[in-house]
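*Asks:* My structure is below; once you've seen it, I'll send some questions.
The values are calculated or read from the model by the stated rules, or taken from the named source; none is laboratory data. Just so it is clear, the model here is predicted, and its values are computed rather than measured. So basically every Cβ, Gly included, is an ideal-geometry build from the backbone, and we count neighbours across all protein chains shown. With ligands, DNA and RNA removed, areas are computed over all heavy atoms of the protein, side chains included. Shrake-Rupley method; radii C 1.70, N 1.55, O 1.52, S 1.80 Å.
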Amino acid sequence: EVHFSDNEQAKMNARLNGDYKLVLSEFRKVFGKKTKSDNYYNHKQLKEFTKELGPDLVIEALARTAANGKTFGWTRGVLRNWVAAGYRSLEDMMQGQTRIVDTNIENDNNINNADKHQFWLSMIKTF
């Protein structure tokens, strides 16, 4: 277990609070302020995801949510997938997506057109 001085912990908390304010601002652009989604439970989860993934990935997930007209539950699913995949930056996530697509393109000759269509629809829904 790593121990930080009070000063180091204060600096990390200040950075997290600043990052979280950016994320919360984006969240409210997507879902609105004082709406059903704008609640303590979702805020707590956003803060945890911001702490674990950083603000850039959380804001990217929110942007994808808005672009796809989805709910916060969808955002949460995307973020959980990214945590499970080990992403810690936008670059990690983009490289991970490229590896997934490249792997599936290599195996593409074994898939008929209807299956290809379903595959790409599932990829779009995932990200």
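*Asks:* With respect to the numbered conditions (1) among the hydrophobic types (A, V, I, L, M, F, W, C); (2) out of contact with any Gly (no Cβ under 7 Å at 6 or more places or on another chain); (3) open to solvent by 50 Å² or more (accessible area, probe 1.4 Å), which one is the sole condition not fulfilled by Phe49?
*Replies:* Looking at each condition in turn, Phe49 falls short on (3).
*Asks:* Taking the condition in a helix (DSSP H, G or I), open to solvent by 60 Å² or more (accessible area, probe 1.4 Å) and either more than 14 Å from Asp19 (Cβ to Cβ) or free of Cβ contacts under 8 Å to residues at least 24 places away in the same chain (or both), does Arg64 pass?
*Replies:* Details: in a helix (DSSP H, G or I): yes; open to solvent by 60 Å² or more (accessible area, probe 1.4 Å): no; either more than 14 Å from Asp19 (Cβ to Cβ) or free of Cβ contacts under 8 Å to residues at least 24 places away in the same chain (or both): yes.
For Arg64, the condition - in a helix (DSSP H, G or I), open to solvent by 60 Å² or more (accessible area, probe 1.4 Å) and either more than 14 Å from Asp19 (Cβ to Cβ) or free of Cβ contacts under 8 Å to residues at least 24 places away in the same chain (or both) - is not met.
*Asks:* If you check Gly73, Gly86, Gly54, which single one turns out to be among the small types (Gly, Ala, Ser), on the phi > 0 side of the Ramachandran plot and loosely packed, with under 14 Cβ neighbours inside 10 Å?
*Replies:* Of Gly73, Gly86, Gly54, the one residue that is among the small types (Gly, Ala, Ser), on the phi > 0 side of the Ramachandran plot and loosely packed, with under 14 Cβ neighbours inside 10 Å is Gly86.
*Asks:* Restricted to segment 67-94, and to residues that are part of a loop (DSSP other than H, G, I, E, B) and among the polar types (S, T, N, Q), which residue is nearest to Val30 (Cα to Cα)?
*Replies:* Ranking the candidates gives Thr71 first.
*Asks:* Exactly one condition in (1) assigned to a helix (DSSP H, G or I); (2) within 14 Å of the chain's Cα centre (by Cα); (3) at pLDDT 85 or above is not met by Tyr41; state its number.
*Replies:* Among (1) assigned to a helix (DSSP H, G or I); (2) within 14 Å of the chain's Cα centre (by Cα); (3) at pLDDT 85 or above, Tyr41 violates only (2).
*Asks:* Check Met94 against each of (1) open to solvent by 90 Å² or more (accessible area, probe 1.4 Å); (2) at pLDDT 90 or above; (3) within 15 Å of the chain's Cα centre (by Cα) and name the one condition it does not meet.
*Replies:* (2)
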